[in-house]
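Inspection log for the structure reproduced underneath, given as structure tokens.
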Amino acid sequence: MNFPLQSKTALVFGAGASAAGPGNGAAIAIRMAQHGALVFVADKDLEAARRTQRLAQESGARCEAIEADVCVESSIRDAVRIAQAINGNVDILVNNVGVVMHGGPAELAVEDWDRSFALNTRSAFLALKHVLPLMDKAGRGAVVQVSSIAAARAGSAALCAYHASKAALNALGASVAMQYAGRGIRCNNILLGLMDTALVRQQLAVAHPQGLDHLLATRNATCPTGAMGSPWDAADAAAFLASDAARYITGTDIFVDGGLHNQVTAPVPASTAGTRAPA
């Protein structure tokens, strides 16, 4: 196997795996570990982080689990310090935390709007705040932010806070990319479409009475390719952007959605209100 991330240290926030299997963040962490990086899996749920760690280690990769609450700056600072302690730098940062709150401006509670931005945007800002100085000192680094086609396309569902906060995340990434372009640090956003993850299946089964099989078939048919993406599609895109093979790619929004964003109306991933979404 090729190891394009050999000798690099990666810190992946929101990378815990559910008992049903890895989601996008966990798959990204596992793939980067398989490509040779020493990966630190940071998640508020330590047991979920340890599941990802075990899955990575089963393939002989190096992976460590960290408990970290992305809404608490001191928790992010501690996670960065732990990751830095091994090799003296954090070469790769992945921001993969998100929440979907249902409702338009008239229906959505102010508290839910604030929570959306705290998890979808502020968490990335805090991670960048504490990782970028390390990358700047080392003169190198790659940041990958997991966003959604909802940042660029609005479907019929009332998800104003999700759309706005993910768009803000993309703008944050572009700003960082331009500020640090001449200093060896790259930052890119991957915009995920309809993804087939264990969490999505769980949420659909609970939230919709039509039946899981019907909903999965509908989501697959919605995608131009005829099928939703998998967490490993997100993982491969993130691993590529973190590698030296993408050394001339920065400040870019890359759609990982099977072409869904080109449709006249692009739906966004369905999710139960108040739960962590896959993108």
Which count do you get for residues in region 44-67 that are in contact with an Asp or Glu (Cβ under 7 Å, 6 or more places away or on another chain) and closer than 20 Å to A242 by Cβ? 2
Quick one: which of A207, A177 is buried (at least 17 other Cβ atoms within 10 Å of the Cβ) and either at pLDDT 90 or above or outside the structural domain of A237 (by TED's automatic domain parsing) (or both)? A177
Determine whether A168 is touching a residue at least 24 places away in the same chain (Cβ under 8 Å), out of contact with any strand residue (DSSP E or B) (no Cβ under 8 Å at 6 or more places or on another chain) and outside any loop (DSSP other than H, G, I, E, B). yes
Of G25, G21, G88, which residue is under 17 Å from the mean Cα position of the chain (by Cα), modelled with pLDDT under 95 and small (G, A, S)? G21
Filter region 28-50 for residues that are part of a helix (DSSP H, G or I) and under 17 Å from the mean Cα position of the chain (by Cα); the one that is farthest from A239 (Cα to Cα) is A48
With the structure loaded, tell me whether R77 is in the same structural domain as L132 (by TED's automatic domain parsing) and farther than 28 Å from F3 by Cβ or whether it fails that test. yes
With criteria (1) within 24 Å of V176 (Cα to Cα); (2) part of a helix (DSSP H, G or I), Q57 comes up short on (1)
Please count how many residues of region 57-104 are in contact with a Gly (Cβ under 9 Å, 6 or more places away or on another chain) and of a type in the set (D, E). 1
Every residue from region 229-255 that is over 15 Å from I92 (Cα atoms) and aliphatic (A, V, I, L, M): A234, I254
Name the single residue, out of those in region 210-243 being touching a strand residue (DSSP E or B) at 6+ places or on another chain (Cβ under 9 Å) and surrounded by fewer than 17 Cβ atoms within 10 Å (Cβ to Cβ), that is farthest from N170 (Cα to Cα). S230
Condition met for A42 (crowded, with 21+ Cβ neighbours inside 10 Å and closer than 21 Å to L134 by Cα): yes
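The values are calculated or read from the model by the stated rules, or taken from the named source; none is laboratory data. Predicted, not measured: the structure shown is a model, and the values here were computed from it. When we count neighbours, we look across all protein chains shown, and the Cβ atoms used for this are built from the backbone with ideal geometry, even at glycine.
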